[in-house]
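Only one structure is covered here, and it is reproduced in the block below.
Rule-based calculations on the coordinates, nothing more; no lab input. No experiment lies behind these values; they were computed from the predicted model shown. Virtual Cβ from ideal backbone geometry, glycine too; neighbours counted across all protein chains shown.
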Amino acid sequence: MRLIKAIIRPDRLNDVLKALYGKEVRGLTVSRVQGHGGEMETVETYRGTTVKMELTEKVMLDIGVSEPFVEPTVEAILEAGRTGDVGDGKIFVFPVERIYRIRTGEEDKSAVTPVK
């Protein structure tokens, strides 16, 4: 079992979700986050004050999957999330020791969606 954490551009979210659903990946959490990677800082003016914006708006996906879904999930995010420009984001894949489905008490592989 793995936890896939992807940080992507907000404008790529719908395409990434469509690609994930196409690979039958369903159980995920989406969060709006801010971060800084390789993109250039932007300068904005607010009420006559110049402010250097060091953080950019991003979307973070957390997806728990069984082993057969790791590569299809990563491929879907890479293909649908890529623009080729700096700031496309990152994908992290972590091992997961235990998973519990709160509703049913199912554990581990039975608790992730989908199961193969």
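Details
- Rounded to whole numbers, the Karplus 3J(HN,Hα) couplings from phi for the range 89-105 are x, 9, 10, 10, 10, 10, x, 10, 6, 9, 9, 10, 8, 4, 4, 10, x Hz, using 6.51 cos²θ - 1.76 cosθ + 1.60 with θ = phi - 60°, and x at Gly and Pro.
- Charged neighbours of I4, selected by a Cβ distance under 14 Å, balance to +1 (K, R count +1; D, E count -1).
- Distance (nanometres) between label positions extended 7 Å along Cα→Cβ at I102 and H36: 3.5 nm
- In the chain, helical runs assigned H by DSSP with n ≥ 4 each contribute -39500 (n - 2.57); averaged across all residues and rounded to the nearest 500, the mean residue ellipticity at 222 nm is -5500 deg cm²/dmol.
- 5 angstrom amide H check on V25, placed H, neighbours 5+ away: none
- Helix 13-22 and the longest principal axis of the C-alpha atoms of the chain enclose an angle of approximately 20°.
- Relative to the current alpha-carbon distance between K90 and R47, full extension at 0.36 nm per residue lengthens the span by 12.0 nm.
- Using a Förster distance of 22 Å, the FRET efficiency for E54-K5 (Cβ separation, nearest 0.05): 0.50
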